[in-house]
Structure formats: C-alpha cells, structure tokens
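The values are calculated or read from the model by the stated rules, or taken from the named source; none is laboratory data. The shown structure was predicted, so the numbers you read here are calculated from the model rather than taken from an experiment. Here the Cβ positions follow ideal geometry from the backbone for every residue, glycine too, while neighbour counts run over all protein chains shown. Please note that ligands, DNA and RNA were not included when accessible areas were found on the heavy atoms of the full protein model with its side chains. Shrake-Rupley method; radii C 1.70, N 1.55, O 1.52, S 1.80 Å.
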Protein chains: 4
Amino acid sequence: MSTSLASHRYGKSHIRLVKVRRDREPHGLVDLTIDVQLEGAFESIYTSGDNTSCIATDTMKNTVYALARQHDLVHVETFGERLGRHFLEQPAVSRARISAAEHRWDHASVGGRPHPHAFTQPTGERWTADVVVDRNAVEVTSGLAHLVVLKTTDSAFAGFPRDRFTTLHETDDRILATSITASGRYRPGMTDFGARARIREGLIRTFAAHESRSVQHTLYAMAEAALDTCADIDEVTLRLPNRHHLLVDLEPFGLDNPNEVYLPTEEPHGLIEATLRRS
Amino acid sequence: MSTSLASHRYGKSHIRLVKVRRDREPHGLVDLTIDVQLEGAFESIYTSGDNTSCIATDTMKNTVYALARQHDLVHVETFGERLGRHFLEQPAVSRARISAAEHRWDHASVGGRPHPHAFTQPTGERWTADVVVDRNAVEVTSGLAHLVVLKTTDSAFAGFPRDRFTTLHETDDRILATSITASGRYRPGMTDFGARARIREGLIRTFAAHESRSVQHTLYAMAEAALDTCADIDEVTLRLPNRHHLLVDLEPFGLDNPNEVYLPTEEPHGLIEATLRRS
Amino acid sequence: MSTSLASHRYGKSHIRLVKVRRDREPHGLVDLTIDVQLEGAFESIYTSGDNTSCIATDTMKNTVYALARQHDLVHVETFGERLGRHFLEQPAVSRARISAAEHRWDHASVGGRPHPHAFTQPTGERWTADVVVDRNAVEVTSGLAHLVVLKTTDSAFAGFPRDRFTTLHETDDRILATSITASGRYRPGMTDFGARARIREGLIRTFAAHESRSVQHTLYAMAEAALDTCADIDEVTLRLPNRHHLLVDLEPFGLDNPNEVYLPTEEPHGLIEATLRRS
Amino acid sequence: MSTSLASHRYGKSHIRLVKVRRDREPHGLVDLTIDVQLEGAFESIYTSGDNTSCIATDTMKNTVYALARQHDLVHVETFGERLGRHFLEQPAVSRARISAAEHRWDHASVGGRPHPHAFTQPTGERWTADVVVDRNAVEVTSGLAHLVVLKTTDSAFAGFPRDRFTTLHETDDRILATSITASGRYRPGMTDFGARARIREGLIRTFAAHESRSVQHTLYAMAEAALDTCADIDEVTLRLPNRHHLLVDLEPFGLDNPNEVYLPTEEPHGLIEATLRRS
C-alpha cells in the first residue's frame, strides 16, 4: 500500500491571555483565547520523525505572550495579523491562521457610573431562590450565581505563613477575579422579596472599593455590605472561587512584565465560603 | 442484617418554564428552571413498591405549568411558596423545597432605547476574529458568537409543505429565539477593523423589527442589514439555531394558554446557516 | 447595494433516538444523536418569506423516528443513506447530509457474564472519596459518580395517585435509566478501603435483576445490596436521576410503537435520593 | 448593625494530579482531582485582613504534589487521611476535608491483552457517521470521537528549532495523551460498513507500540495503520489534541521527580490534524 499526506496542519489551541492597560484611567482589559495553526513544509515531521522544522507549540504560546507585551491589543485583528506574519518568517511556514475569541468585560456600574478598575462579565448570571415550606414555617432564601467580577488593582496578598511547601511570592498588587455565588435568608414572615437587587449592588460596590488583603478579607466586607443594604435579610452566605491570574514570566525573552500580561486560570482555584449573620 | 431509611426525598428537577406577559407594553418575560423536592411519609414506596402515596414527578411538572398560568411571577419567591403550599395539601408530604434559577433577559437596546418585544440574554457573548496570512494575502474575518436574542411576537411560520410525516401546526404568532453566530469578511487590504459593533447593532435592530415568516427569512434580512452597515465587509455568514419554545398544553387541566406559558428547548433545534455576498 | 445568497443550508440538529430490539435475547440497544441538513432550491424562503418549499425541521425529526421504526439500525451508515434518499425525493432538495453520533452501551457485566437486558455506558465514571479529619476522629466515605446504567425491561410505574394535574399513563414495562451517584461511609477505625468495587458490583447486579415498581423501589434494593456486600460500611447514600425515555407517538404516521423507538431526555428529570443505615 | 461569622472554610479546589508507578510491569497510573478545605481559627483573616494564620491555597496545592511523591496512592482514602493529618499539624486548623475524584484508566487492550504502558479512558467515546447524498453520488464517512488514550513511555520530543521565544526542554521520555477524533471515508459504492472497529483497533495498537518522536510522527503511523486495516477506506483523517502532562517541579521541596508526579492540563493544548490518502 502507498499512502500520502493529503493535508496537515498543527498548532496551539486555547492560549489564554489577559492584558491590562494601566497607563490611563479607566484601566483597559482585554481577555482572549487564541488558537494558532500553521501549514507548510512539515511532511518529514510526520513521515520520519524529523523535528528540524517543527516549531514547538510551546514556542507558539510563548510568542503570543511576548508579542502581547510588545504591541497594543486595540484591534485583535491587527494583533492576529502581526502574529501570523511572525510565524511566516520561518521558511517552512506557508500559511498561518490566528483565531481569537474575545471575552467581553464591562466596567462595573457603581452608583450609576462605570468604575475605573472594577469589571463585570456578562456570562450567564442567574438569580436564585430557595423556598422551604413545612407545616410550621416558610424559609425563603434569595441569591445569585455566576456574577463574574474582576478588579485590576487594590488587591494584595502578603503576610501569610511560610513552611517547606510554600513557594508563593507575596504581592501588593494583583488581579482579583471571582464568580460570585451569594444568598441571603429572609427573616421569617417576610412577603416582600425585593432584596436581591440591593444585595447585588452592595456586593459589586464593595468588591470595587475594598482594599483587599485576601479573598477572605473582601468576602467579609462584601457580606457585611449585603446585610447592610437590607434589614429583612438576617444571614448572608458567599462562595467565592479565586480565579487566579498568573503574571506571565517574560524574562526569558528579555522583556519585563509590569502587571500587564496575565494567564487567567480556572483550575486549580482557591475557594472561600462563609456565612455572616446579624447578631 | 437490618437496615433502615435514614433519610429520603424525591422530586422533579430542571423544569424549564418561560412565561410572557403580553397585556401591557413592554412585554414581560420570565425564564425559570425549577426543582421540586418533597419529604414525607414515603417509606412504603421504597420498601415495598407501594405507590399509593407516590405523587408522580410528572404531575409535579404539570403542576408547575398550571400554577404558572394561574398566578403572577413577579417574585419567584412568592411563586415558590405557592407551589410548596400546594404540595403540602397532600397528607403524606411534610416538607416541600422549591428551588428556582431565573435566567436574566434584558430588553434589547435598539437605537438607544429598550425594544418592547425583543430581548437579549447576557450569557457569554464572545467576539471572534480569524486572520489567515500567507505569502500573498491576508484574509480577515470578524464576528461574534453566543449573542442570545428572543422576540415575543412578530414571528410566524406557515405555508410549509405537508407530507405524511408532518404534524406541526401553522402559527402566526410564536416566540422566536436564537443564539447568533455571525461573521463578516473584510475586503482585502483593510486595516481599520471596527465593523463588529456596527454589524452587531444591525443584527439586533433587524431581528427586533422584522416581520418574520421563518428563521430563514429573518436571517436574510439580518445579513442584509449587516452588509448595509459596513462597506468594508463584502460577505456575511450567519448561523442561527432555532431555540424552539413549545406552547404548553394546559387543556387537560381545564386551562387555556393564550401564548403565555412555554417550555423552552435546546434539543433538538432547527439550524439555519447562510452566507450573503455583496454582488 | 446588491446582495446574493452565496450558500445556504438548513435542517434539524440533535435529534435524540434510542431504539430497542426485543425480538431476540440479548436485547439490542442503539442510542443516536442525528443531524439532518438539506441544500437545494430554497432561495425564496430566504428572500421573500415564501415557505412553499420549506420542509419543516419538525417534519425532519418525525421522519427520523418513523424510518427508525420501519428499518433496522444495524449500520447507522445505511440508515443515514436511507434518510438522505428520503429527503432527496423532494424536488427542491439537491443534497442531504445526515450526521450521526452513536453513544456506546455495553451489556452490563453481572457475575462475569453480560446481562441480556441491563446496560452500562462508559461515559466518565469517577470514583470518589471524602475524608474528614479533626482532632478526635476520621470519617471516610467512598463512592462513585456518573455510573450510567439502563435496563430495557422489568421496570413498571403504576398505582400512583391521580389529581387534576396528573396526565401520566401507568406502565408495566418501561425503560429505566439513571446515572448513579453512590457513597458508603466506613465504620470508624477502618484502614482497609476496598469496599468500592464490591459496592459497585452489588449496585449493578441489583439494578439488573430487580423487578422495579419505581425508582425509589429499586434504589432501596440497590442500597440494601450495597450494605450487604461490605460489613465495614454502615451507611449508604444513593442519588438517582430518572433519565426518562419517552415512547415516541408514531400513530400520526400510521405506525405502531411496541416499546421500540424512544426519545431519551435529560431535562426535566425525576431525582430520587436516600440514605440507608445499618440498624 | 452587628454581624458575626456564623461559619467559614476555605481551601484549594480542582488540584489535578497524575502519578505513574514505573518500578514494575505493567505501569500503574492514578489520575486524581483533589479538593482541600480547612476549618479553624481563621476569623481574623476575614475581619481584619490579618494573614498570620492564612495558609496559602497555593501551599495546599504544593503539599498535595509533595506528599504524592513521598507516599503510595494505592487507596486514595489513605492518601486523603495523610493530607488531612498534615494540615491538622497547624494549630489554627480544627478540621480538614479532603475530597478526591479518581478518573478511571484501563490498560489498553492490544491483541486481546492489556498493554503494560498504554491506557484508555472510558469517558464518553462516540461513534460517528456522516452520509452525504446527492442526485449522483453517496459519500460515507465513519469515525469515532473522544477515544481518550495515554502512554507512559516510548514518547520523545527533541530536535526542534530554538528561537528567542523557545523555552521548552527536550525530552526523551514523556507522557503522551490525547483524545482521538478519527474518520475514514469509504470508497464509492461500498455497502458494508464494518470498518470502524478495525480502524479503532489499528489506532490503539499503533498508539501503544509506536516509538513516538512527536504527536505528528505518531499520528502518521496511526493513520497508516488505519488505512492498512481496511481496503474499503481510501482516506483517513485524524485530529489529535496534545494533552500535555507537565512534570511537577518538586526541587523547591527538596524532592526529585523521576517522571512520576504530573500536572495534566487541557488548556492550552497542541492540536495536530492530518489526512492520509491511499495513493
């Protein structure tokens, strides 16, 4: 039997990238998932295991981060073209396809105005309610889930204990991002169930303004604010995954990274849960 | 060995429900996923297969739809309490838990104003770009995905052929809902990539205003509008799943359903795809 | 501006279909998701809202179920060709694409042999463990999740109460399908954690053999069997969603449906949860 | 208003871990997702931003990897207890909960026998078919998707070009894991559609046996083998994401890592696609 390569292409998919522009107010935020695909004279990689022309897909990923540091991301189309031209510099490459999905973030609305450093992501927020009825009582809980928020500054994490397994560096300025799940329990006998909107407003306002020393610290402030907004609620529960944004190390490429280019991750994540009660 | 039931509960989960309020302008839209869970004297169902006290979970589902027709859904908490009390009328039931997730819909913004019958759902919209670079040319496509829209009126489907496998009724007023995937190809040589926002606006405006005779019919109008917004785009491709909203049959319960209570479905769905080119 | 339809196609996606072959032992089971796509002379549907040639996608769905009743599904490729040729009988249709995904089911292994009516689906089963350690005690729970099983007979549901919202028919022979989540709590002080495999075997064996009068009834028998397999476990919890398989009504097409062609659904689903304790 | 912390806990979720046992034949493979949750005297973290007692969740993650290197994972319950006791060594911690999900891998069946270094994961494999019918011809393609495989040895990646953005180390022994999507096109006129099982067998056998120099290299060998199994197939297309398994750096904890403890990742991933044709 004789066979031939009729078509072939390869690349790196799902390169996640967040870039923050901090040089002006309000801060700018671009959140991308990028795929790189190359076509060209790569036959011998397949047929004989000769990697001489095989640009590592890991190198493609690094290239995306390095070029994202060096260039504006005003139009992702322009950035895509730049990336494509970069890969075409390799003689073996005949065609490069750059596909990008941009995940939308809006400046958070605080007191009717867009906050300069806090963002919300319209990504499937749901409003929840839980009603338990038995022969003696009714318990009503109202809440929300998948309220995704991020702030580009005013978040630190330092002073934590160090043991032989601790490698995390202290930081006085990091991205803080989470997907809020919140619920508030109504005092017995309530029949006006309008607390959710006020709780939501309190959560976002506090998230935006808080000088965070940890997710726990901000959770507490947010839950206090939620209780403050509504006397009919006697207990608030928050669940905050810490969606880590890792600063990309660009030093190997001779570049600095002044809190600008991040790798957003969902796995693993910190997870902070607490209930605050009116006493 | 002797064993005992330490705890048990059962119910119906993921009951999907959309209710439209048409008696005023603008229309109102509530989109819920409801779980019902009952506890009570159900031991003999488990231990001896005696179903005398076993309220069918299918009956729970029917009850949700019937009560949704009969009552307002201003606060889902109030509706949940009503449902719970209904199930407590059965002597065997000692506790009912009603959990609801409300999926948010906003009135679509058309010309800066909320449209009375068209809605968008903030559920993970993404902006896409595709750049293909080879040694001779650059091809740039910009688009969007997961732009979820719904209109409560001005959509019909009639006049289609009937064969021995056709059971669908003609309708002159149905819900039309879809998750738009759209892309526009730039004319060669373009370097200003600002078309997406204008295309998006054209798509939503046309979706809201169109007197739809089919998804195909509305797709064509939307794609034409998108091409109209931007001379730099020479080709537009749309992909529109038809997210059917089935009118729930309430007749068995002695209730009418004047285009008010719907079961939204995702599977199966119609799928309409087309490319329009400037000629 | 002048525009033209450069390409277009439409159809029905995600048509779910389960067919049982009961005329021989062991029973046969085919589980498909089918997409239908048509191309042809459909321009006027788009451009002028003329539906004269617009085969409803609902009719496509019905056609799939009717032809599945009339023909064997030994090779889904042959069935796909048959469906395609059916749609090509319409003059407007120039090309039909039928895409199918077949979801694998294996006959359940009971006592080392394939059971003739019980099936398992290799779809992401996970083994779970939960260990809670405090200064006084250790509590260990072992379990599994996403163990998907189905039986084609020996499952009934009848004798349940009927009120004004009850429409469900009684049945003495239905498909019973679920995705088992199970966990067993070890007696304090245990250090040999080998119970899971025995529990799993007990669950599957009992699911296969039980003359089910309800999911609750079978849950109880399964949990009892799990406790029986392992004296080190003092409590077993099961969570069983009822993945309803709805018998498709083929009467409108002049066809019977002797428990053969089903629509499998995941939403809504019954949900049965209970804990059995050794007393 | 006065509020109090009614309950609180925190930890790290979704810590992914693969451990290979290479000291005997056949190789052993354990694939876990672990959640750590701590309760204790952490109030001041919340109320005053005092991190003195705040074990970083990043440290929890490191601890999981270090202990996984030092201890057997025969029973994940025993490992969970060990982890829990480790965290209880901190005076602030009063309770630790370790939850684990183990993802099942089976030794791949090659020639009817379990292969010592190649594995398959029963995780939702689907069999696909695509039939295109027009007035002149029928084109039939059969395939499969989500066939997840992994090999613990006989995979290298070296000799690739290095530019200023290359940081990847060469390796002569890595884990190779992918989720196979494969399809084969039948020669026109075929009516016996039994190729899929033979193709599947050829793919797994070749994946297991191949001395891989790259995913491309192995893809080519697999596609050749698939064509070899079946003269009725004239073209085979493979799509292989490279599910990277990153060797965890345990040096900061004074531990070596002789190809034993890995972090499996899905994002980003290499993606290799090619079509081989019989010539």
Checklist outcome for this item: The number of residues in the stretch D:240-276 that are open to solvent by 70 Å² or more (accessible area, probe 1.4 Å) and of a type in the set (D, E, K, R) is 5
Checklist entry - Exactly one of (1) among the hydroxyl-bearing types (S, T, Y); (2) open to solvent by less than 50 Å² (accessible area, probe 1.4 Å); (3) closer than 29 Å to B:A129 by Cβ is unmet by B:S279. Its number? => result (2)
Item to check | Output for the stretch B:244-279, where each listed residue is more than 18 Å from B:S179 (Cβ to Cβ), within 7 Å of another protein chain (Cβ to nearest Cβ), out of contact with any helix residue (DSSP H, G or I) (no Cβ under 6 Å at 6 or more places or on another chain) and not in a strand (DSSP E or B) | outcome: B:P252, B:S279
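Working only within the stretch D:70-85, note down all residues that are under 25 Å from A:H244 (Cα atoms) and either open to solvent by 20 Å² or more (accessible area, probe 1.4 Å) or among the hydrophobic types (A, V, I, L, M, F, W, C) (or both).
Step one: list which residues in the stretch D:70-85 are under 25 Å from A:H244 (Cα atoms), which gives D:80, D:83-84.
The answer is D:L83, and nothing else.
List the strands (runs of 3 or more DSSP E) inside the stretch D:76-155, counting only whole elements, that have at least 2 residues being in contact with a helix residue (DSSP H, G or I) (Cβ under 7 Å, 6 or more places away or on another chain) and within 9 Å of another protein chain (Cβ to nearest Cβ).
Values: elements: D:93-103, D:106-110, D:113-121, D:126-134, D:138-151.
Counting at least 2 such residues, we get D:93-103, D:126-134, D:138-151.
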Checklist entry - Can you spot a residue in the stretch D:208-222 that is modelled with pLDDT of 95 or more, surrounded by fewer than 19 Cβ atoms within 10 Å (Cβ to Cβ) and not in a helix (DSSP H, G or I)? => result yes
Item to check | Any chance C:E102 is charged (D, E, K, R), open to solvent by less than 30 Å² (accessible area, probe 1.4 Å) and touching a strand residue (DSSP E or B) at 6+ places or on another chain (Cβ under 7 Å) | outcome: no
Next on the checklist: Based on this model, can you work out whether C:P122 counts as modelled with pLDDT under 95 and in contact with a Pro (Cβ under 6 Å, 6 or more places away or on another chain)?
Outcome noted: yes
Item to check | Output for the stretch C:108-123, where each listed residue is of a type outside the set (S, T, N, Q) and in contact with a Lys or Arg (Cβ under 9 Å, 6 or more places away or on another chain) | outcome: C:A108, C:V110, C:G111, C:H115, C:H117, C:A118, C:F119, C:P122
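Taking the condition more than 30 Å from A:L32 (Cα to Cα) and assigned to a strand (DSSP E or B), does A:D234 pass? Talk me through it step by step, then tell me what you get.
Working: more than 30 Å from A:L32 (Cα to Cα): yes; assigned to a strand (DSSP E or B): yes.
Judged against the criteria, A:D234 is a match.
Residue-by-condition table, conditions (1) among the β-branched types (V, I, T); (2) under 30 Å from B:R135 (Cβ atoms); (3) free of Cβ contacts under 8 Å to residues at least 12 places away in the same chain:
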position: A:E102; (1), (2), (3): no, yes, no
position: A:V110; (1), (2), (3): yes, no, no
position: A:P114; (1), (2), (3): no, no, no
position: A:V140; (1), (2), (3): yes, no, no
position: A:G143; (1), (2), (3): no, no, no
position: A:F157; (1), (2), (3): no, no, no
Checklist outcome for this item: Note on the stretch D:20-54: residues among the small types (G, A, S) and part of a loop (DSSP other than H, G, I, E, B) are D:A41, D:G49, D:S53
Next on the checklist: Tally up the residues in the stretch C:181-217 that are at the interface with another protein chain (Cβ under 9 Å from one of its Cβ atoms), more than 20 Å from D:G80 (Cα to Cα) and in contact with a helix residue (DSSP H, G or I) (Cβ under 7 Å, 6 or more places away or on another chain), please.
Outcome noted: 4
Next on the checklist: On the basis of being open to solvent by less than 10 Å² (accessible area, probe 1.4 Å) and within 30 Å of D:G202 (Cα to Cα), does D:F119 make the cut?
Outcome noted: yes
Checklist entry - Is it the case that A:H146 is open to solvent by 40 Å² or more (accessible area, probe 1.4 Å) and under 18 Å from the mean Cα position of the chain (by Cα)? => result yes
Item to check | Test for D:G194: is it within 21 Å of C:T78 (Cα to Cα) and either open to solvent by 30 Å² or more (accessible area, probe 1.4 Å) or at pLDDT below 95 (or both) | outcome: yes
Next on the checklist: Suppose we filter the stretch D:161-180 for residues that are more than 10 Å from chain A (Cβ to nearest Cβ) and not in a strand (DSSP E or B); how many remain?
Outcome noted: 4
Item to check | Flag if C:D234 is without any contact (Cβ under 8 Å) to a residue 24 or more places away in the chain and not aliphatic (A, V, I, L, M) | outcome: no
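Check the stretch A:172-182 and report whether any residue there is open to solvent by 50 Å² or more (accessible area, probe 1.4 Å) and farther than 25 Å from A:V236 by Cβ.
Start the filter on the stretch A:172-182 by keeping residues that are open to solvent by 50 Å² or more (accessible area, probe 1.4 Å), which leaves A:172, A:181.
After this cut, where a residue has to be farther than 25 Å from A:V236 by Cβ as well, the list is A:172.
Yes; the residues of the stretch A:172-182 include at least one that is open to solvent by 50 Å² or more (accessible area, probe 1.4 Å) and farther than 25 Å from A:V236 by Cβ.
For the stretch D:59-69, how many residues meet the condition of being open to solvent by 30 Å² or more (accessible area, probe 1.4 Å) and either at the interface with another protein chain (Cβ under 9 Å from one of its Cβ atoms) or outside any helix (DSSP H, G or I) (or both)?
If we filter the stretch D:59-69 for residues that are open to solvent by 30 Å² or more (accessible area, probe 1.4 Å), which is where we start, we get D:61, D:69.
Adding the requirement that they be either at the interface with another protein chain (Cβ under 9 Å from one of its Cβ atoms) or outside any helix (DSSP H, G or I) (or both) leaves D:61.
Of the residues in the stretch D:59-69, 1 are open to solvent by 30 Å² or more (accessible area, probe 1.4 Å) and either at the interface with another protein chain (Cβ under 9 Å from one of its Cβ atoms) or outside any helix (DSSP H, G or I) (or both).
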Next on the checklist: Need pairs with beta-carbon distance below 7 Å; first residue β-branched (V, I, T) and within the stretch A:25-45, second open to solvent by 50 Å² or more (accessible area, probe 1.4 Å); sequence gap 6+ or separate chains.
Outcome noted: A:T33/A:H14
Item to check | the stretch A:12-58, subset at the interface with chain D (Cβ under 7 Å from one of its Cβ atoms) and on the phi > 0 side of the Ramachandran plot, residue surrounded by the most Cβ atoms within 10 Å (Cβ to Cβ) | outcome: A:G49
